[in-house]
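Have a look at the structure below before the remarks.
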Amino acid sequence: MLAYLACQPGFRAERALLADLLWSDRSEKQARASLRQELSTLRRLLPEGLLSADRQAVWLGSDLLACERGDGDFLQGFDLPSEGFEDWLRTERARTDVPSKSDPTSAAHDRTEQPALAVMPFDELGVKQGDMFAEGVVEEITGALSRIQAFHVIARQSVFALPKFTISAPDAALALGVDYLLEGSVRRTRDRVRISIQLVDGKSGHALWSGRFDDRIDDLFDLQDRIAAQVAGQILPNLRSAEIARARRHLPEARSAYELMLTAFPHFWVHDSLENERAVTLLDAAVEKAPDFGPALAQRAWCHSHRCCYLWTLQPEAARQLARADFDSALQLVDDHAPALTALSATAALALKDFRLSEELALRALDIDPNNAWGWLRLGWVTCYLGRPHAALEHFDRAEALSPLDPFLFNIEFGRSACLRALKDYDGSIARIEKGLRAAPRAQWAYRMLFGTLWLKGDKKGAITAGKRWLAAHPGLSKQVLLDGIPSWNHDPDYLDVLTRFDEIIADG
C-alpha cells in the first residue's frame, strides 16, 4: 500500500481503488474491511500525520516524506495474491525497463514475455440505464481470453478503474501497461443482439481486426457464453498475426526468444520441407536464447514431427529422437500453457505414435482453453486415428467455427478427408483433399492422401497421376521409410495397404 501511494500523484489514491487493487481476490465487502484493518495497523506503526484517510481517499503527508527509487527491480521479490496489484506492478516495472540504445539485444528483446491485452468496457446501445448485459459480456470475454495462456489479460478491476470515454486508446494502454485493447459495443433490438468488436494496437490506436457477432436473445448466460467463445476463438489468430508483424520489425539477431518463435509460425504453416527447416532454424535460435522456454521447445518438437510423418527425411528415426527430446523437455516446463500442450499432442501422435497420450494432452489443452482452435484440430486428428471418425468430424467443425480464417484451415480439410475416407465416402474425401491443396499448394505430402483415396475409389489412372506427384516431392522414398515415418494407425487398413504398395502400383502405371 505504501509503495503504491508513493507512486501516485500527490501520494493519494481512492479508497475503492486501493481495496480492489490489493484484495481483488475477495468480495467488495471483505476488501474494504481488509483496507480498514491495514490502515489501522499502519497508523500505529508510522509517525503521526504520515498516513491520513477519509471516506473517499487515502494519502501520505507530502511535507513529511521524500520518495526515491533505488537500483534493481521495482519491489523485487514482492508477491501478492491479487491480480489487480500484479497488473499494476507489471506496469511499474515496465516503465523502468528501458533498453540500452547501444545494445539492440538488451531489455525489451531478451525476454520470453508474452503480450498483454485489456478488454475495455463495452458501449451498450438502446437499453435502459443500469442494464448490466454488456458488463456480463465483457466479464465472460475476459474470462475466456484469460484461459488462452498465449497472452496476458489484465484483470477487470484494473480496467474499470480507468475513466470511461475520457481517455484515448494509447493513453489507456499506457496506463494499463498493455500492448493491445479489445473494444466493443452491444446493440439489442427485440430478440436479437449484435456485438461489434475491434482489436486495437495500444501504441498507435489503430484497429488491427474487427468482428461482428449476431445472435438471438434466449438464456442470457448461454448467450454470453456463446459470444465469449466466438470472440476468444478469433482473437488468438488475429493477435498472433499482429505479434508476428511486430516481431518482424526487429532484426533476427535482436529478436527475443518469444519473437523468434512467433516468426517461425508462418514457415511452419506452409507444410513444406524447406519452410519447415526455416522454422526449425528460428526455433533453434529461440531455444539458444532461452533454453527453458517451454513453448518454443514444444513447437520445435512439432516441427520435427512433421519431418517424420510427412516423410521429409529418409531417416525418420533420427527426426523422431529429436522430437522426443524436445517433447520430454517441454512437458516439464509448459504447465498450463494450452498452445504448447497442443503442440505436444501433435508430437505424441505424429512422432511418438502414442495416440492415447496425444488425446490426453489435447483434452488437457482444451480443458484449460476450450476455445483453442488448434486444440480441436489436433483432437480431431487423433480421434480419427483412434477409429472414431464421426466424433472427429465434429471436432474439426468446432475448430473451424472458432477460427474461420485460421492459417491451418487446409489441415482441417485434410482431417475431414481422412474421416470421410474411413467412412468409405471417397468422393467426399477427395473433394476435401482437393480443397485443402488449393488452399496450401505447397503441401505436396497430401498427394499421398489423394493417391490412396483415388485408388480405393477405383480411379486407378487418377491415383497413379497423384502418386507420381507425391513421389516427385519425396525422392528416394521406400516402403520401410514410409512405415517408419507415418503414424502407426489402424483406423483405415485398406488405405494403409494401398500406401504400402505405392511402389508397385505406380511402377505398373
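Give the distance, in whole Å, between the Cα centre of the range 16-62 and the Cα centre of the range 139-182.
If you average the Cα positions of each part, the centres end up 25 Å apart.
Provide THR189, THR263, THR142 in ascending order of the number of other Cβ atoms located within 10 Å of each residue's Cβ, fewest first.
Details: THR189 10, THR263 23, THR142 20.
Final ranking by Cβ density, sparse to dense: THR189, THR142, THR263.
Could you give the distance between the Cα centres of the range 186-243 and the range 408-482, to the whole Å?
Their Cα centres are 36 Å away from one another.
Under a crude label model (7 Å from the Cα following the beta-carbon direction), how far is THR41 from ALA6 in nanometres?
1.8 nm
Roughly how many nanometres apart are two label points built 7 Å out from the Cα toward the Cβ at GLU288 and GLU253?
Result for the modelled spin labels: 1.1 nm.
Using θ = phi - 60° and the Karplus relation 6.51 cos²θ - 1.76 cosθ + 1.60, list the HN-Hα couplings for the range 362-371 in order, rounded to whole Hz, with x at every Gly or Pro.
So the Karplus estimates, Gly and Pro as x, are 5, 5, 5, 4, 6, 5, 6, 9, x, 9 Hz.
Return the percentage of antiparallel bridges among DSSP beta bridges fully within the chain, rounded to the nearest 5 %. Spell out each step's value before the answer.
Details: 25 of 33 bridges.
Within the chain, antiparallel bridges account for around 75 percent of the total.
Need one word for the range 331-389: rounded, prolate or oblate. Basis is the Cα gyration tensor (sqrt eigenvalues a ≥ b ≥ c); a/c below 1.5 gives rounded, then a/b vs b/c decides.
Values: a/c = 2.22, a/b = 1.29, b/c = 1.72.
It is oblate, given that a/c is not under 1.5 and a/b is not larger than b/c.
Calculate one ³J(HN,Hα) per residue across the range 290-297 by plugging θ = phi - 60° into the Karplus curve 6.51 cos²θ - 1.76 cosθ + 1.60, and present them in order as whole Hz with x for glycine and proline.
My calculation for the range 290-297 gives 9, x, 9, 7, x, x, 5, 4 Hz in order.
Between HIS390 and ARG187, take the C-beta separation as r, use R0 = 45 Å, and let me know the FRET efficiency to the nearest 0.05. Before the final figure, lay out each step's value.
Working: r = 39 Å, r/R0 = 0.86.
For HIS390 and ARG187, the calculated efficiency is 0.70.
Report the relative contact order of the chain, percent, no decimals, based on alpha-carbon pairs under 8 angstrom and at least 6 residues apart. List each step's numbers first, then the result.
Details: 821 pairs, mean separation 48.5, N = 509.
About 10 percent, as a whole number.
Work out which trypsin sites (Lys or Arg not before Pro) in the chain are exposed loop sites (DSSP not H, G, I, E or B, at most 11 other Cβ within 10 Å) and give the longest gap free of them.
Working: sites that count: ARG55, ARG69, LYS101, LYS128, LYS164, ARG190, ARG249.
The answer is 250-509.
Pull up all non-local amide H partners of ASP179: gap of 5 or more, or a different chain, and H-to-H distance under 5 Å with H placed in the peptide plane.
HN-HN under 5 Å from ASP179: ALA116, LEU117.
What angle, in degrees between 0 and 90 and rounded to the nearest 10, separates the Cα long axis of helix 460-472 from the longest principal axis of the Cα atoms of the chain?
60 degrees
What 222 nm value per residue comes from the helices of the chain, counting each DSSP H run with n ≥ 4 as -39,500 (n - 2.57) and dividing by all residues, nearest 500 deg cm²/dmol? Provide the component values of the computation, followed by the final result.
On the way: 23 runs with 290 residues, N = 509.
Dividing the helical sum by the residues of the chain leaves -18000 deg cm²/dmol.
Roughly how tilted is helix 273-289, in degrees to the nearest 10 and between 0 and 90, from the longest Cα axis of the chain?
Tilt relative to the chain: about 30 degrees.
Assuming a ≥ b ≥ c are the square roots of the Cα gyration tensor eigenvalues, decide whether the range 431-509 counts as rounded (a/c under 1.5), prolate (otherwise, with a/b larger than b/c) or oblate. Write out the running numbers ahead of the final one.
Numbers: a/c = 1.22, a/b = 1.18, b/c = 1.03.
Rounded, since a/c falls under 1.5.
At what distance in nm do the modelled label points of ASP335 and ARG438 sit from each other, each positioned 7 Å from its Cα along Cα→Cβ?
With each label point 7 Å from Cα toward Cβ, the separation is 4.5 nm.
Contour minus end-to-end for LEU174 and SER27, with contour as 0.36 nm per residue of separation and end-to-end as the Cα-Cα distance?
Working: separation 147, 0.36 × 147 = 52.92 nm, distance 2.77 nm.
Gain on stretching LEU174 to SER27: 50.2 nm.
Which ³J(HN,Hα) values, rounded to whole Hz and listed in residue order, are derived for the range 140-152 from phi using the Karplus coefficients 6.51, -1.76 and 1.60 in 6.51 cos²θ - 1.76 cosθ + 1.60 with θ = phi - 60°, glycine and proline given as x?
Rounded to whole hertz, the list is 5, 5, 4, x, 5, 5, 5, 7, 5, 6, 8, 7, 8.
Let's test the formula: R0 of 41 Å, r as the Cβ-Cβ distance of ARG212 and GLU317. What FRET efficiency results, to the nearest 0.05?
Numbers: r = 50 Å, r/R0 = 1.22.
After rounding, the FRET efficiency stands at 0.25.
With the Cα gyration tensor of the range 254-508 giving a ≥ b ≥ c as the square roots of its eigenvalues, does the rule (a/c under 1.5 for rounded; else a/b larger than b/c for prolate; else oblate) give rounded, prolate or oblate? Don't jump to the answer; show the numbers that get you there.
On the way: a/c = 1.82, a/b = 1.43, b/c = 1.27.
Note, shape of the range 254-508 comes out prolate.
Taking amide H positions as placed 1.01 Å from N in the peptide plane, with prolines and chain starts having none, which residues 5 or more places from LEU208, or on another chain, fall under 5 Å of its amide H?
Hits under the 5 Å cutoff: LEU199, VAL200, ASP201.
Using 1/(1 + (r/R0)^6) with R0 = 51 angstrom and r between the beta carbons of LEU423 and ASP123, what's the FRET efficiency to the nearest 0.05?
Values: r = 48 Å, r/R0 = 0.93.
Once rounded, the FRET efficiency stands at 0.60.
None of the figures in this text is laboratory data; all of them are computed from the coordinates on show. On a predicted model such as this, the values are computed, not experimentally measured, just so you know. Glycine also receives a Cβ, built like all others from the backbone with ideal geometry; neighbour counts cover every protein chain displayed.
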